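Here the structure comes first, spelled out in structure tokens, and everything after it is commentary.
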Amino acid sequence: MRVIGVIGYKNSGKTTLIEEILKHSDKKIAVIKHTKEDVELDRVGTDTYRLSNAGAKITVLATDKKTVFFTDRMDLENILSVLSDYNIDFVIIEGFKEGLKRLNIPKIVMLKDKEGNELIDDHTAMIIEDYNYNIDDVLKVIYEKAVVPTMNLNCGHCGYNCKTFVKAVVKDEAKWDDCVLAKGIKIIVDGKIIPAVPFVSKIVGNTIKAMIETLKGVDNPKHIKVEIDVSKLK
Ligand code: SF4
């Protein structure tokens, strides 16, 4: 799962751009939209409100068409960590200006009537002015510059820290898959991603894959997730 942001002031065309991306891309894309407006979905008196108010940590409203999760406010790190469990190729984040900066996520900056220049920084992968863009160019930027969320691990295996790595990616001096976390193996211990050198990742990944492939019912697996509750091991 790789991420990229789209930022710009109100009416700069962010949502329309994301709509166009979704229409023209054949990838599996999730969208996170940040809004400062108070969107009242879980209104006082509704069943979901009553259940949340009674103490449910998460309330899930399941209809025949949609499933909606109601939970407490989450920061960008936590939202991305939840989405990483879904089989998606890209996450496009609309807004979350500070979160993008904090997590070193590259971005497309939308300018309108010359407003928004101050949003441009070292992590800007593309600048779009007054709705002028070619959608193929936008998709190329997403496919080449979106990165695996590094969460500021700063392990140094790519030869950079996470911040300078993204700077190098947007300048075409590094490739998104130079990051150790893009190698297909993610080791998470107590909710924290642990960076492993590519060599160790490869050994761990290939060993687990070989063991899993011997199990009954497993045929040519594409994605393997193993969770270990250490307290239950004997
Ligand atoms: S390899 Fe990835 S996680 Fe490690 S410093 Fe580079 S960008 Fe950050």
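Given the criterion more than 16 Å from the ligand (Cβ to nearest atom), free of Cβ contacts under 8 Å to residues at least 40 places away in the same chain and of a type outside the set (Lys, Arg), identify the matching residue among 207, 164, 124.
207
You will find that of 94, 98, 115, the residue that is open to solvent by 80 Å² or more (accessible area, probe 1.4 Å), farther than 20 Å from residue 171 by Cα, under 18 Å from the mean Cα position of the chain (by Cα) and away from the ligand (no atom under 16 Å from the Cβ) is 98 and no other.
Considering only residues in segment 201-225 that are outside any loop (DSSP other than H, G, I, E, B) and of a type in the set (Lys, Arg), the one that is least open to solvent (accessible area, probe 1.4 Å) turns out to be 209.
Step by step: first the residues of segment 55-79, then only those that are in a helix (DSSP H, G or I) and closer than 22 Å to residue 37 by Cβ, then the one that is most open to solvent (accessible area, probe 1.4 Å). Which residue is that? I'd like the intermediate steps shown before the answer.
Within segment 55-79, the subset in a helix (DSSP H, G or I) is 76-79.
Next, from what is left, pick out any that are closer than 22 Å to residue 37 by Cβ: 76, 78-79.
Working: 76: 1, 78: 76, 79: 39 Å².
So the residue we want is 78.
Output the residues belonging to segment 118-135 that are within 13 Å of residue 16 (Cα to Cα) and surrounded by 19 or more Cβ atoms within 10 Å (Cβ to Cβ). Hit for segment 118-135 is 128, nothing else.
Hey, any hits in segment 146-153 for a residue that's outside any loop (DSSP other than H, G, I, E, B) and more than 10 Å from the ligand (Cβ to nearest atom)? Outline the logic, then answer.
Taking segment 146-153 as the starting set, the residues that turn out to be outside any loop (DSSP other than H, G, I, E, B) are 147.
With more than 10 Å from the ligand (Cβ to nearest atom) added as a condition, the list becomes none.
No, there is no match, as no residue in segment 146-153 is outside any loop (DSSP other than H, G, I, E, B) and more than 10 Å from the ligand (Cβ to nearest atom).
Annotation: residue 157 fulfils all but one of (1) modelled with pLDDT of 90 or more; (2) open to solvent by 30 Å² or more (accessible area, probe 1.4 Å); the unmet one is (1). Selection of segment 127-138 for residues being without any contact (Cβ under 8 Å) to a residue 60 or more places away in the chain, more than 18 Å from residue 172 (Cβ to Cβ) and touching a Leu at 6+ places or on another chain (Cβ under 8 Å) yields 129, 130. In segment 187-199, of all residues being free of Cβ contacts under 8 Å to residues at least 12 places away in the same chain and within 13 Å of the ligand (Cβ to nearest atom), the one that is most open to solvent (accessible area, probe 1.4 Å) corresponds to 192.
Of the residues screened, residue 164 is not one that is surrounded by 12 or more Cβ atoms within 10 Å (Cβ to Cβ), among the polar types (S, T, N, Q) and closer than 18 Å to residue 93 by Cα.
The values are calculated or read from the model by the stated rules, or taken from the named source; none is laboratory data. Not measured: the values here are computed from a predicted model. Please note: Cβ atoms are built from the backbone with ideal geometry, for glycine as well, and neighbour counts cover all protein chains shown. Note: areas computed on protein heavy atoms with side chains; ligands, DNA, RNA excluded. Shrake-Rupley method; radii C 1.70, N 1.55, O 1.52, S 1.80 Å.
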